[in-house]
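Below you'll find the structure, written out as structure tokens, and then a few comments.
Every read-out reported here was derived from the displayed coordinates using simple, explicitly stated rules and does not represent laboratory data. Not measured: the values here are computed from a predicted model. Don't worry about glycine lacking a Cβ; one is built from the backbone with ideal geometry, like all the others, and counts go over all protein chains shown.
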Amino acid sequence: MLGKLIKYEFKHTSKTIFTTWAVLAAATLMGSLALLRLDQGDSSDATFSVIMSGVMLILYIIALIGIYCVDFIYLCYHYHKTMYSSQGYLTHTLPVSPAATLGVKIFTLFVWMTVSSVLLSASVLILLQVGSGGEFFNAFSTFSWKEFTLSVDEIFGMSVSYLIFLAVVEFLLGLLYRILWITASMAIGQLFQSGRTGFSILAGFCIYLANQIVSTIFLAATGYNLNAFLEGNVRSFMNYVMGGSIGIGIAFIVLLYGICFYINKKKLNLE
Amino acid sequence: MSTLVTCKELTKAYGKMTALNRVSLEIESGHIIGLLGPNGSGKTTFIKLLNGLLTPTSGELYIKKLPVGIESKKIISYLPDQTYLNMNNTVKEVMDYFGAFYADFEPERAYKMLESLQIDPKARLKTMSKGTKEKVQLILVMSRRAELYVLDEPIAGVDPATRDYILHTILTNYEPDASVLISTHLISDIENILDQVIFLKEGQVCLQASVDDIRMQHQKSIDALFREVFKC
């Protein structure tokens, strides 16, 4: 049943997501053409060419931000529609456990948004390659990894691979936290008989506030460890900050998932 | 005959408002039961509890001696009082979805019913009229070999011809050993197909009896008795 749930969840959301990715491909092409024109601008209509290329680049940046937002908003809307709106009547009467239903929906959202982020990054890299006249990736062939590794080790007190690993973990946890922040807010909002949207927004604000308070307390506590940084023990400082950040992220993810699960299992209240 | 549904002191409260108050009843297999009561009497709350869409505040609820959960959802075919399908899907896509999740769904029966109504399986739900959408939903629900069909207001808001079709579909598509629980307040339209009734009043069962017994005892139709019991 889990496999079927995953299959249909991806199937029901794929059309819109693929459409936004097609727009991303078109925007990347447009941005690349703009950069090429800037690069090859002839003297006769140089000013016009520069203006047009500038406009196209601005449109590219707007498209990039827009696509990420559209994907996220659409997926959250789909989640709400199939969990707490009319389609929830079908979702919650399927012979599957509430844990499977919730888990699959969050997993799908997470996968789509991760792939979207990767594609957006790839689009930016393509533009960098085009903008640099094909030199961006070539630069890596002459790049001294040994020197770079040593520099990173010197600055951050940790290996490049470990730093990248921590950054990826931070990114994925941040994404999962944002997804659960929204889904938990929706779950809390639907507990009320009326004004659900307002209560969802209020719940989202409270969760955000709680996260900020915990993070601030953590940062204040880090003040003690700042001495280690000032004394040159960067590794200790970095481990403390990043480890703490990951720890807070995991704690909030577990808490928000628990809220969603409890409400969906025990306090479901469809419109 | 076996007991399909057992409720003991079932209560559901929304804050200070009690929608269902200590309801105790049993539903046997092989009957068409009318769940009757005015608006706000607790019909939909009771149906949602049966389907696991709400959790009781107190009391017990069993479907074939098991608590409401995955196993009960396998044997209950539920038609809510609103459109609950993805309007962007075609009828065929929705049927595939039902087929994937409900082992007792019989697509051949569904296709046969669609054909009799000249509904194109490739048509998208959003292109259909309200009545046609309701027919499609009913076809999906009645194409399951379920043990209990729970239909919440299946004939509300549709024209008389559609009403007749819906009642005909219900009558011709349930297994003899299954039960059908129909919630409505349009009693005169359905009383001829009912063999039992449950009257709900302010969240409590005020009558559960067979239609024949009521007619014999009260010398009245169900509709007339309903008007008398729920007189404003």
| Distance (nanometres) between label positions extended 7 Å along Cα→Cβ at A:F18 and A:A100 | 2.6 nm
| remark: Per the charge dipole of chain B (beta-carbon charges, Lys/Arg positive, Asp/Glu negative, Cα centre), the residue among B:Y84, B:L117, B:Q204 reaching farthest to the positive end is B:Y84
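To the nearest whole number, what is the average tally of beta carbon atoms from other chains within 10 Å of the beta carbons of peptide A:84-94? Display every interim value, and only then the final one.
Numbers: counts 0, 2, 7, 5, 3, 12, 11, 1, 5, 14, 8.
Mean shielding by partner chains, rounded to a whole number: 6.
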| field | Top of B:Y78, B:Y97, B:Y14 by mean-square fluctuation, Gaussian network on chain B, Cα under 10 Å | value | B:Y14
| said: Can you tally the net charge around A:Y8? Count Lys and Arg as +1, Asp and Glu as -1, for every other residue whose Cβ sits under 15 Å from the Cβ of A:Y8. | reply: +4
| field | the range B:43-49 - phi-based ³J(HN,Hα) in whole Hz, Karplus 6.51/-1.76/1.60, Gly and Pro as x | value | 4, 5, 4, 4, 5, 5, 5
| remark: 1/(1 + (r/R0)^6) with r = Cβ-Cβ of B:E60 and B:D164, R0 = 60 Å, i.e. FRET efficiency to nearest 0.05, evaluates to 0.95
| remark: Across B:G37, B:G15, B:G203, the residue with the highest GNM fluctuation in chain B (Cα network, 10 Å cutoff) is B:G15
| note | Residues meeting the amide H criterion for B:F105 (H placed from the backbone, H to H distance under 5 Å, 5 or more places apart or on another chain) are B:R145
| Over the range A:144-271, what per residue volume does the convex hull of the Cα atoms give, in whole Å³? | 108 Å³
| Within a Cβ distance under 14 Å of B:K65, other residues only, what is the Lys/Arg minus Asp/Glu net charge? | -3
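So what's the net charge close to B:N39: Lys and Arg +1, Asp and Glu -1, counting the other residues with Cβ under 14 Å from its Cβ?
Local net charge: -2.
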| said: Quick check: convex hull over the Cα atoms of the range B:1-94, volume per residue in Å³, rounded to an integer? | reply: 136 Å³
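Do the alpha carbons of any pairs in A:K266/B:K43; A:K15/B:K130; A:K266/B:K12; B:K74/B:K133; A:K4/B:K74 sit beyond 18 Å of each other, and which pairs?
Values: A:K266/B:K43 20 Å; A:K15/B:K130 25 Å; A:K266/B:K12 13 Å; B:K74/B:K133 24 Å; A:K4/B:K74 16 Å.
Flagged as over cut-off: A:K266/B:K43; A:K15/B:K130; B:K74/B:K133.
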| field | Those lysines that a straight Cα-Cα span of less than 20 Å connects to A:K11, excepting residues fewer than 8 apart in one chain | value | A:K81, A:K105, B:K92, B:K122, B:K126
| request: Taking the convex hull of the Cα atoms, report for the range A:65-121 its projected area averaged over all directions, in nm². | output: 3.9 nm²
| Once the mean 1/r over all distinct Cα pairs of the range A:1-137 is inverted, what Kirkwood radius in angstroms do you read off? | 17.2 Å
| task | Quick one: angle between helix B:107-116 and the longest Cα principal axis of chain B, in degrees between 0 and 90, rounded to 10, please. | result | 80 degrees
| remark: Taking R0 as 56 Å and r as the Cβ-Cβ distance between A:A122 and A:L202, the FRET efficiency 1/(1 + (r/R0)^6), rounded to the nearest 0.05, comes to 0.90
| Is the range A:130-185 rounded, prolate or oblate when judged by the Cα gyration tensor, a ≥ b ≥ c being the square roots of its eigenvalues, rounded requiring a/c under 1.5 and prolate requiring a/b larger than b/c? | oblate
| note | Membrane-span-like helices (DSSP H runs, Cα span along own axis at least 27 Å, mean Kyte-Doolittle at least 1.6) in chain A -> A:98-131, A:160-189
| field | Ellipticity estimate at 222 nm from DSSP helix runs (n ≥ 4, -39,500 (n - 2.57)) divided over chain B, nearest 500 | value | -10000 deg cm²/dmol
| message | Compute the helix-to-body angle for B:91-101: its Cα long axis versus the longest principal axis of chain B, expressed 0 to 90° and rounded to tens. | response | 60 degrees
| Degrees separating the helix B:160-173 axis from the principal Cα axis of chain B, which is the longest one | 90 degrees
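Pulled fully out, how much extra length does the chain show between A:A167 and A:A139, if you take 0.36 nm times their separation in residues and subtract their Cα-Cα distance?
7.8 nm
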| message | Suppose each label sits 7 Å from its Cα in the direction of the beta carbon; what would the A:I213-B:Q204 distance come out to in nanometres? | response | 4.5 nm
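What value, in deg cm²/dmol to 500, does the helix sum -39500 (n - 2.57) over DSSP H runs of n ≥ 4 give at 222 nm once divided by the residues of chain A?
-30500 deg cm²/dmol
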| note | With a Förster distance of 45 angstrom and the Cβ-Cβ distance between B:N192 and A:S194, calculated FRET efficiency to the nearest 0.05 equals 0.70
| request: Hey, can you grab everything whose amide H is under 5 Å from the amide H of B:V205? Only 5+ residues off in sequence or another chain; H modelled, so Pro and N-termini drop out. | output: B:S24
| query | For chain B, what are the per-bin percents of Cα-Cα distances with bins 5 Å wide, up to the bin holding the maximum? | reply | 1, 6, 14, 18, 20, 16, 13, 8, 3, 1, 0
| request: Work out the length of the dipole vector of the protein assembly as shown about its Cα centre, built from +1 on the beta-carbon of each Lys and Arg and -1 on the beta-carbon of each Asp and Glu, and round it to the nearest 20 debye. | output: 680 debye
| note | Kirkwood radius from Cα pairs of the protein assembly as shown plugged into Stokes-Einstein at 4 °C, 1.567 mPa s, gives D in µm²/s equal to 48 µm²/s
